[in-house]
Amino acid sequence: MIRVLLADDHKIVRDGLKRILSGNIEVAAEAASGDEALALVKAHDYDVAVLDMSMPGLSGLDLIKRLKIEKPKLRILVLSMHGERQYAARALKAGASGYLNKDSAAEQLVGAVRKIAAGGVHIGEAAAASLVAAEKAPHEALSDREFEVLRLLVEGLGPTDIGEKLHLSVKTVSTHKTRILEKLNLGSTAELVRYALDHKLL
């Protein structure tokens, strides 16, 4: 029996995932935040952690890295509303074993969990294509933190809101923004949004 930790901040999503996975897969625990997921992984053993990328507190790439430090053998499947092109390559580099968009069919989730638990890697066709294309894209030169800041900037958040969400000072966020614009050779937030649209990062 595969033991799974489900981490998503929406109870209705967790309930739906539990129904989809019921059968040969045991949902051994649930977490509503990244901090809760980390605490559970520290205290217990799971075969697979199914994680949402955007949760309160510790989340996204930082959460993947922390979980792998705690339990290197833990297999991680990212289940996200963000498109595969946007995040899959970075999630895999951070330590995830798979990436699945929340729009995917139920049977894809079950198959992905089983494949990852058995030691495999699961990515969709869009992610596979983006892994090849990403090698040449300018935004691949950004650090994971800069990429997180970019994503929040193009979603319309200001430096103060981004600082609160990522637990950074406003000054640090502004420094990241300056570096992002320099690395991408852009002059403003408006140009950054256009870049994000052109590269399907939204």
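Details
- Placing +1 on the Cβ of every Lys and Arg and -1 on the Cβ of every Asp and Glu, with nothing else charged, gives the chain a dipole about its Cα centre of roughly 400 debye.
- Listed pairs 18/71; 93/165; 71/177 exceeding 30 Å between Cα atoms: 71/177
- Computed lengthening from residue 54 to residue 15, 0.36 nm per intervening residue step minus Cα-Cα distance: 12.3 nm
- Within the shell of other residues whose beta carbon sits under 11 angstrom from the beta carbon of residue 47, the net charge comes to +3, with Lys and Arg scored +1 and Asp and Glu -1.
- When the Cα positions of 192, 168, 157 are compared along the charge dipole of the range 138-198, 168 comes out farthest toward the positive end, with charges on each C-beta of Lys, Arg, Asp and Glu.
- Using the Cβ-Cβ distance between residue 43 and residue 182 with R0 set to 45 Å, the FRET efficiency works out to roughly 0.60.
- For the range 138-198, size of Cβ-based charge dipole, Lys and Arg +1, Asp and Glu -1, in debye: 160
- Degrees, to the nearest 10: 144-154 long Cα axis against longest axis of the chain: 70
- Excluding same-chain neighbours fewer than eight residues apart, the aspartates and glutamates reachable from residue 102 by a Cα-Cα span under 13 Å are 8, 52, 84.
- When you restrict to C-alpha pairs under 8 Å that are six or more residues apart and normalise by the size of the range 2-133, the relative contact order lands at 22 percent.
- Radius 11 Å from Cβ of residue 121, net charge of other residues (Lys, Arg +1; Asp, Glu -1): +2
- The calculated 222 nm mean residue ellipticity attributable to helices in the chain amounts to -16000 deg cm²/dmol, summing -39500 (n - 2.57) over DSSP H runs of n ≥ 4 and dividing by all residues.
- Our estimate of slack between residue 171 and residue 81, defined as 0.36 nm per intervening residue step minus the Cα-Cα distance, is 29.5 nm.
- 10 Å Cβ shell holding at most 12 others, DSSP loop, GluC sites (Glu not before Pro): longest site-free stretch of the chain: 1-134
- Between the helical axis of 125-134 and the longest alpha-carbon principal axis of the chain there is an angle of about 40 degrees.
- Couplings 3J(HN,Hα) for the range 108-115, derived from phi with the Karplus relation 6.51 cos²θ - 1.76 cosθ + 1.60 (θ = phi - 60°), are 5, 5, 4, x, 5, 4, 5, 4 Hz, where x marks Gly and Pro.
- Under 5 Å from the amide H of residue 122 lie the amide H atoms of 98, 99, each residue being 5 or more positions distant or on a separate chain, with H modelled from the backbone and absent for Pro and chain starts.
- Other-chain or far-sequence residues with amide H under 5 Å of residue 2's (modelled H): 26
- Phi to ³J(HN,Hα) by Karplus 6.51 cos²θ - 1.76 cosθ + 1.60 over the range 184-196, Hz, x for Gly, Pro: 8, 6, 10, x, 7, 5, 4, 5, 5, 4, 4, 4, 4
- Summed residue charge, Cβ within 9 Å of residue 38's Cβ, Lys/Arg positive, Asp/Glu negative: -1
Bear in mind these aren't lab numbers, they're just calculated from the coordinates by the rules spelled out. This is a predicted model, so every value here is computed, not measured. Neighbour counts run over all protein chains shown; Cβ positions are idealised from the backbone, glycine included.
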